[in-house]
Amino acid sequence: MKLPEVPEFSKESLEKAGKFLHDDQIAELVHGYNERYLHWEELKHRKLPLGPVIIWNLMKISRALKAKSLEFGDWVFKHTLIDEFQEKLHVLDKSAAGNLISSLEALQDNKRKYIISSLMEEAIASSQIEGAATTREIAKRMLQENRKPRSKDEKMIANNYITMKHIVDLKNEAITPDKILEIHRLITSRTLEKPEYEGNFRENNEIAVYSHDGTLLHKPVEYPDVPKLINELCDFANNKDENFIHPIIKGIIIHFLVGYIHPFNDGNGRTARALFYWYLLKNDYWLFEYMAVSRIINSSKKHYRNAYLYTESDRTPNDSGDLTGRRKEAQML
């Protein structure tokens, strides 16, 4: 596959774009594209009234005026809360954090059944994202019957189910590096190439993320930096931010950072999704106990992959990438 790219910023391209800053028709076009948060790969083939590089520079200038910065490790990520996300977050705030209590009171007798079913669905879909080759029906029957897994793929699913139940138990606790290692150990038990990888940070730089055709998609941080970054991740997750970040957006950022750091030899995606759940449940988004987010992601794997690639490619000399592209996950919730 071909990796996404963005045009190089230059004084000349910015000067050309600056001539159209006060053109109302162009400004409306730029605003519309930014509300959809198009990446360069989505913009460059469109029929445009100006050269695509000029439109892109205008989009980036507009984004920079609204963007907030997130400093993490040696990186500075930008992020913007566009109108569509604010609307969706408002809906989630009303429905996932409190106003459906009365509706669910009538379901109290079946509450545990619904939660268990949701955790099963999440365990199955999260494993399928990572390549577990079994049907949803067979996997769910295995969990319902408490049958011993017969293959590595079924073991992945059983591990994920155990881990999701563990996450629910952790929802009132702060996260620590040791708890992240325990989550990873539960998720990967008896499924990795080397047993010593289970519940341990990687101790080499051999790990990288490739596409099916062998294209290098992401080279993670050097392994000696992993413990320090995980400590910083825990501080970020446990503490209030100087500048408020909406909990669902922050949960998505935590998810992204685990994948970006890639602290483990394997099991990074499953660990990231487990921590996303933990963070939302900790912040009283109780309805997520009834939601299998990975089922939606599993049906949109290309968007899920591109969210990472668009963040990493959409960078300027002043930042490490634009996290707003990552927030397209919020559109899937």
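Rule-based calculations on the coordinates, nothing more; no lab input. Bear in mind the structure is a predicted one, so any value in this text is a computation, not a measurement. Note that we place each Cβ from the backbone using ideal geometry, even for glycine, and neighbour counts take in every protein chain shown.
Structure above, values below:
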read-out	value
Packing rank of 316-323, 203-210, where each peptide gets the mean count of other beta carbons within 10 Å, highest leading	316-323, 203-210
Among 303-309, 28-34, the order from most to least packed when residues are scored by Cβ within 10 Å on average	303-309, 28-34
Cα Rg over Rh - segment 71-332, Kirkwood	0.95
Check: the chain dipole with +1 on Lys, Arg Cβ and -1 on Asp, Glu Cβ, in debye	960
Backbone N under 14 Å from the GLU182 label point (7 Å along Cα→Cβ), restricted to segment 131-157	none
Under 14 Å, Cβ to Cβ, from HIS90 - net charge with Lys/Arg +1 and Asp/Glu -1	-2
Radius 11 Å from Cβ of ILE230, net charge of other residues (Lys, Arg +1; Asp, Glu -1)	-2
For GLY199, distant residues with modelled amide H under 5 Å away	ARG185
Rounded to 5, percent antiparallel among DSSP beta bridges of the chain	80
The chain: angle of helix 226-238 to the longest principal axis, Cα-based, in degrees nearest 10	90
Helical contribution to [θ] at 222 nm, DSSP H n ≥ 4, -39,500 (n - 2.57), averaged over the chain, rounded to 500	-16500 deg cm²/dmol
Rounded to whole Hz, the Karplus (6.51, -1.76, 1.60) HN-Hα couplings of segment 60-74, x for glycine and proline	5, 4, 4, 4, 4, 5, 9, 6, 9, 10, 10, 8, 8, x, 9
Placed amide H near HIS218: partners under 5 Å, 5+ positions off or other chain	VAL209
Per-residue HN-Hα couplings for segment 148-157 [Karplus 6.51, -1.76, 1.60; θ = phi - 60°; Hz; x = Gly/Pro]	5, x, 9, 8, 4, 4, 5, 5, 4, 5
Net lengthening on full extension, SER211/ALA27 (0.36 nm per residue, minus Cα-Cα)	62.5 nm
Simple spin-label estimate for GLU193 and VAL91 in nanometres, 7 Å along Cα-Cβ	4.2
Label-point separation, ILE82 to SER69 (7 Å along Cα→Cβ), nm	2.4
Listed peptides 255-262, 75-82 by packing density, highest first (mean Cβ within 10 Å)	255-262, 75-82
Order of ARG141, ARG63, ARG315, ARG273 under a 10 Å beta carbon neighbour criterion, fewest first	ARG141, ARG315, ARG63, ARG273
DSSP-assigned coil residues among trypsin sites (Lys or Arg not before Pro) in segment 181-257, each with at most 14 further Cβ atoms within 10 Å	ARG190, LYS240
For GLY321, residues with placed amide H under 5 Å, excluding near neighbours	LYS78, THR316
